[in-house]
Each structure stands twice: as structure tokens, then as C-alpha cells.
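Everything on this sheet refers to the single structure shown next.
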Amino acid sequence: MEKQTVETCDTTCVGTDTDLTEIKQKMVDDTSANDLAELFKALSDPTRVKLIGALLINELCVHDLSVLLGMGQSAISHQLRYLRNLRIVKRRKSGKTVYYSLDDLHIEQLFVLTLQHLKHE
């Protein structure tokens, strides 16, 4: 059996001349970091991404979303509740029907920019 060698640097990194105190003060705080991670966690599920994509196009009810995604209404409602709790989608009631849409322009921008990034070569 051949012995593997591990390559290491000849020198140890000692950092740069950057003022780390200033960067540390400008970094995202723990609460914001957790909230941002939760937002991206929401976007890590293909079903939720499809829901957001559909709502980017038009305000829709649970039934319409159920038909579009080929899923049961309870499963769609569960995902919408999750997205609503994160303020990604909002709802509007008209009679007995509840319509869902994206919560605000920031969600639309985040979604569109992410798609553009993925298509960028």
C-alpha cells in the first residue's frame, strides 16, 4: 500500500494589515445572522421555492397552488404557514377564500436576484 503525503504550507498565515476591530463592529449581529439563516433555510426546500415562484407571478389561493404543484391542500397550507411566519408571504381574505402573495418587494428581489445568479455563467 502506498503511503500518502500531506502537503502543508511552509509558512504560517499571520493575517493581514486589515483593522479587524472595525470589521467586527460592522459584522451582522447574532440575531440578524439567525434570521437570515432561517430565510435561506426556507429557500432550501424545492416546494417552497415553487410556491414563491408561483406567487411571484400572481396572487393565488391554496386550491390554485395545490393544482399547480400537484400536492394536497393541507401540505400546501403547511408550507404557506411556514413562509408566512417568516414574513415571506402574506395572506388576504376575500369572503371564504384566502389569497396568498409575496410579503413585499424585498422577497421578490431576493428571489429574482438569486435566480439570475444561478443562470449567470
Study note, to complete from the structure: Once Lys and Arg are counted +1 and Asp and Glu -1 for all other residues with Cβ under 14 Å from that of Ser101, the total becomes +1
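Show that you can apply the helix-only estimate: for the chain, add -39,500 (n - 2.57) for every DSSP H stretch of four or more residues, divide by all residues, and state [θ] at 222 nm to the nearest 500.
Details: 6 runs with 68 residues, N = 121.
Taking each H run of at least 4 residues, the total per residue is -17000 deg cm²/dmol.
Given R₀ = 25 Å, what would the calculated FRET efficiency be for Lys50 paired with Arg92, taking r from the Cβ atoms and rounding to 0.05? Intermediate values should be presented prior to the final figure.
Details: r = 21 Å, r/R0 = 0.83.
The formula returns an efficiency of 0.75 here.
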Practice item. Note down the accessible area of Leu20, probe 1.4 Å, to the nearest 10 Å². Key: 120 Å²
Review point. How much length is gained on full extension from Thr114 to Gln73, taking 0.36 nm per residue of separation minus their Cα-Cα distance?
Key: 12.0 nm
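Note the count of lysine pairs whose C-alpha atoms are less than 23 angstrom apart in region 32-119, limited to pairs 8 or more residues apart or on different chains.
Working: Lys41/Lys50; Lys41/Lys90; Lys41/Lys119; Lys50/Lys90; Lys50/Lys93; Lys50/Lys119.
Taking the Cα cut-off of 23 Å, the pair count is 6.
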**Study point:** Total charge dipole magnitude, the chain, about the Cα centre, Cβ charges on Lys, Arg, Asp, Glu only, Debye to nearest 20
**Key:** 1140 debye
Check your understanding: How big is region 4-108 by Rg and Dmax over its Cα atoms, in Å?
Key -> 21.6, 72
Study note, to complete from the structure: With 0.36 nm assigned to each residue of separation and the Cα-Cα distance removed, Glu59 to Asn85 gains 7.6 nm
Exercise for review: Any chance you could give the angle, 0 to 90 degrees and rounded to 10, that helix 46-57 forms with the longest Cα principal axis of the chain?
Suggested key: 60 degrees
Review point. Summing +1 for each Lys or Arg and -1 for each Asp or Glu, what net charge is found among the other residues whose Cβ lies under 12 Å from the Cβ of Asp35?
Key: -1
Point to revise | Between 0 and 90°, nearest 10: helix 105-119 axis offset from the chain longest Cα axis | key: 60 degrees
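The values are calculated or read from the model by the stated rules, or taken from the named source; none is laboratory data. Being a predicted model, the structure only gives us computed values, none of them experimental. So basically every Cβ, Gly included, is an ideal-geometry build from the backbone, and we count neighbours across all protein chains shown. Calculation scope for accessible area: heavy atoms of the full protein, side chains included, ligands and nucleic acids excluded. Shrake-Rupley method; radii C 1.70, N 1.55, O 1.52, S 1.80 Å.
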